[in-house]
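Heads up, the thing below is written out as structure tokens.
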Amino acid sequence: MIFPLTVKRLAELHRPFKKRLTLAFIAMIITAATEPVVPYIFQVLLDKGFVGKPSFSLWLVPLAVIGIFVIRGASTFTSTYMMTWVSTRVLNELRRQMFSRMLDLPIDFYATNTVGKVINSMMFEVQQIIDMITKVFTSIVRSALTVLGLLAWLLYLNWVLTIVTLVLLPLIAIVVRTTGKRLKKLNQDSLGVNAELTQVIEETTRAQQVIKIFGGQDYEKQRFHERAENLRRYTMRMTGTFAATVPITQLMTACAVAIVIVMALIQSGNGQITVGGFVSFITAMLMLLTPLKQLAEVNGPLQRGMAAADAVFGLIDKTTERTTGQPLQQRSSGRVEFSHVGFSYPGHEQLALRDINLSVQPGETIAFVGMSGGGKSTLVSLIPGFYSATSGAILLDGQPIEEISLTSLRQQIAMVSQSVVLFDDTLAANIAYGDNNPDPARIDAAVNAAYLTDVVQGLPHGLATHIGDNGSRLSGGQRQRVAIARAIYKDAPILILDEATSALDTESERAVQAALERLMQGRTTFVIAHRLSTIERADRIVVLSHGEIVEVGTHQELLANNSVYANLHRLQFSQEAA
């Protein structure tokens, strides 16, 4: 049932363009109608033009030939142009739907699907569908109409000989059906192999520094070679299956032609067929080879396209993030409560968080510390709804966040993390990211608050300077301050700082820390930090271990407790001293 459903969905995508498709279809009919005219002209010339004095004006011959090909050329151009016009719009619509769905997918989708696989679906697999639509639809319609027109002419000329020709059609159908199943399976497998190759290229492009410093060139070459060779083998297997269809079809046709010639010679001896009729019949029959060959060849692109369509629609049909909840009527005060919150990642039975209870007042700064894997980042990721709590509830101003729409919830939150994400756009666009109508005054204020003034002055075009892929034209500290400026510009009541200074040198850290302190003023702030010196002034420090809260208090209180936090502090202090 997958095949008909996929065809139905593809047909729905074409529905808005039915007028242009109709025009293309009419043009194909005209093109197909010109095919039988050629053998008809041969019959007239041989029977009436070369026997005695021609009974028609000689000027009609070049006019007829040129006229036919002018009509044929115009109709062929029209059908090709219209089909390309429609297919490119369907291509854009499919990519738009995929991109839109990609933006709405939950975070765990990206934990199980590689970047290369997503890129491969949006670029390569969609193109396979369009190639199928353009080539297969055009070939099927145009070639089928041509076959019908030529068969009608053959039946008119000699129905006995035509029956021999008709034997070809069921035989070709058997060949196509036999190879079709194998081609579809091979195409589905090759799409996965192609995604793996795309992933290798994407990773190699992104990790150039690591590859060079650790001497990974040979390893990456080997990875690329293995996947490229694997894809080549699949391509050859598909080509072998597909290429066998054409010579088998041609052999069947040759056998039919041989039989027809013998039968025609017998009929000619009995005066049942003229020379012109025979030449016209053979010409029409040989002209059948091209459309029959095209019909046999559509199986390959058809199976590739259907396999790609299944993958593309599979992505479009992925379950999105929740769309339930009501928007907040006013700006949040920033009061957050965790009530018996438990959480386990999708597909994992083990709990990552257990019975988390914590009440955070507006404007309070809460720091989460603990060993790696303790659940700090997991707990913070629940606040903006990246994941939903498995048990318990998280409340914002007394309202469960599950009852708040994700868009409204995330409008109340800004985030600065260790892994800064910037876009290949202007500095101003990165600071005002997400605002469709950026306010220049707010951008300037954010620049000043994030201590970016000197950076802006040093750029060739100031705020209008393009900062490169992920801010490659900026230093690490500058990129971090741009992320802080972005958070300042958003002016959200809740702020999440995830290791915001851990990757910086001492000088950059001072500038970033000063910008962070200004950003944190008047906001409910959740801080994840490995450097305990950066969170000593937090209102409360929450110590997490194995997904549970083991200690809560101020820096001094926790040191006085001489427990987990004190041990972490002594360990880090001794390492820094060493």
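Give 500, 485 a once-over and let me know the one that is of a type in the set (Gly, Ala, Ser) and modelled with pLDDT under 85. Step by step, each of 500, 485 is checked, and only 500 is of a type in the set (Gly, Ala, Ser) and modelled with pLDDT under 85.
Considering every residue within segment 479-487, establish whether at least one is part of a loop (DSSP other than H, G, I, E, B) and free of Cβ contacts under 8 Å to residues at least 60 places away in the same chain. Looking through segment 479-487, none of the residues is part of a loop (DSSP other than H, G, I, E, B) and free of Cβ contacts under 8 Å to residues at least 60 places away in the same chain.
Restricting attention to segment 249-280, the residues that are modelled with pLDDT of 75 or more and surrounded by 19 or more Cβ atoms within 10 Å (Cβ to Cβ) add up to 1.
Pairs linking a residue in segment 551-578 that is over 16 Å from residue 529 (Cα atoms) to a residue that is at pLDDT below 85, with Cβ atoms under 7 Å and 6 or more positions apart or on different chains, are 559/569. For segment 140-162, the count of residues that are in the same structural domain as residue 198 (by TED's automatic domain parsing) and under 18 Å from the mean Cα position of the chain (by Cα) is zero. Candidates are the residues of segment 105-118 that are assigned to a helix (DSSP H, G or I) and surrounded by 16 or more Cβ atoms within 10 Å (Cβ to Cβ); the one that is modelled with the lowest pLDDT is 116.
Tally time: how many residues in segment 296-334 are surrounded by fewer than 19 Cβ atoms within 10 Å (Cβ to Cβ) and over 30 Å from residue 130 (Cα atoms)? Within segment 296-334, residues that are surrounded by fewer than 19 Cβ atoms within 10 Å (Cβ to Cβ) and over 30 Å from residue 130 (Cα atoms) number 11. Of the listed requirements (1) within 32 Å of the chain's Cα centre (by Cα); (2) at pLDDT 90 or above, residue 493 misses just one: (1). Scanning segment 47-55 turns up one or more residues that are hydroxyl-bearing (Ser, Thr, Tyr), modelled with pLDDT under 80 and loosely packed, with under 15 Cβ neighbours inside 10 Å.
Among the conditions (1) at pLDDT below 90; (2) in a helix (DSSP H, G or I), the only one that residue 473 does not satisfy is (2). Residue 375 meets each of the listed conditions (1) out of contact with any helix residue (DSSP H, G or I) (no Cβ under 6 Å at 6 or more places or on another chain); (2) surrounded by fewer than 20 Cβ atoms within 10 Å (Cβ to Cβ) apart from (2). Any chance segment 87-102 includes a residue that's crowded, with 18+ Cβ neighbours inside 10 Å, closer than 27 Å to residue 292 by Cα, at pLDDT 85 or above and in contact with a helix residue (DSSP H, G or I) (Cβ under 6 Å, 6 or more places away or on another chain)? The answer is yes, given that some residue of segment 87-102 is crowded, with 18+ Cβ neighbours inside 10 Å, closer than 27 Å to residue 292 by Cα, at pLDDT 85 or above and in contact with a helix residue (DSSP H, G or I) (Cβ under 6 Å, 6 or more places away or on another chain). Condition check for residue 369 on (1) touching a residue at least 60 places away in the same chain (Cβ under 8 Å); (2) touching a Ser or Thr at 6+ places or on another chain (Cβ under 9 Å): one failure, at (2).
The values are calculated or read from the model by the stated rules, or taken from the named source; none is laboratory data. Treat the numbers as computed from the prediction; the structure is a model and nothing was measured. Glycine also receives a Cβ, built like all others from the backbone with ideal geometry; neighbour counts cover every protein chain displayed.
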